[in-house]
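Before any comments, here is the structure.
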Amino acid sequence: MELFNRKDLDGWEVAGDGAWIVMRDGTLLGQCHPRKPFEHQAWLYTKKEFGEFDLQLEYWMPLGGNSGISIRDTSRGRYAIAGPEQDSKRNPSHIGYEIQLASSSSARYEFGVSGSVYLLDGAKPGVQRDGDWNTLDIESRNDLIRVRINGQAVSQHPGLPERSKTGSIGLQLHNKNTIVMFRNIRLREIGRILDAR
């Protein structure tokens, strides 16, 4: 199913001071809001929560870009944005899981490579095409998170037993310099039982 309708932010909610714009061609553009202070992260989250799923999207970042995709995040980024609850030890990569997106020029350490399960499994480098559109696939199962970029497996992790198996999906603006675009955001839920009543 299309997770993003390419027209507006229906089904999504903004966390923090990011500006999320739907362009005429249906591309989603995220950047810092020019009239608001941007001190920490900002996110765009699905209103719905998901369990096991396959997520596919395309993303673009400029050189030096830094973003991510949050999965199984029950906090919806509330501790990562500026405010009284801000706490770097409780951001989405510590509560759920963050799949790192970073330009090769900004990836200075193991978990900074696009496709990494941030803090848990560093991704295979050299797969992302910098300055171009890339395809990201995330396979989320109760006992597995597997990531592919442009069709190549780059990272996987079994997940941590103390973390939730379900949660919302978030798109990240890492800092005030972040510009990122997403398109063709699709999700297939696994094992979903439909109530026929």
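Determine ³J(HN,Hα), in whole Hz, for all residues of the range 7-20 in sequence, where each value follows from phi through the Karplus function 6.51 cos²θ - 1.76 cosθ + 1.60 and θ = phi - 60°; x replaces Gly and Pro. Couplings: 10, 7, 9, 4, x, 10, 9, 8, 10, x, 9, x, 10, 10 Hz. Per the helix-only calculation at 222 nm, which mean residue ellipticity applies to the chain, given -39500 (n - 2.57) for every DSSP H run of n ≥ 4 and division by its residues, nearest 500 deg cm²/dmol? Theoretical 222 nm ellipticity from helices: -500 deg cm²/dmol. Of the GluC sites (Glu not before Pro) found in the range 78-166, the ones in coil according to DSSP and having at most 15 other Cβ atoms within 10 Å of their Cβ are 85, 162. The orientation-averaged projected area of the convex hull spanned by the Cα atoms of the range 106-166 comes to 4.4 nm². The calculated pair-distance distribution of the chain uses every alpha carbon pair, bins of 10 angstrom beginning at 0, and gives 10, 39, 40, 11, 1, 0 percent. The slack between residue 132 and residue 1, meaning 0.36 nm per residue of separation minus the straight C-alpha distance, is 44.7 nm. Cβ crowding within 10 Å ranks 114, 168 as 168, 114, fewest other Cβ atoms first.
Positive-end ranking of 145, 70, 127 along the dipole of the range 26-178, with charges on Cβ about the Cα centre, is headed by 70.
Bear in mind these aren't lab numbers, they're just calculated from the coordinates by the rules spelled out. Note that this is a predicted model, so its numbers are computed, not measured. Methodologically, a virtual Cβ is constructed for each residue, glycine included, from the backbone with ideal geometry; neighbour enumeration extends over all protein chains shown.
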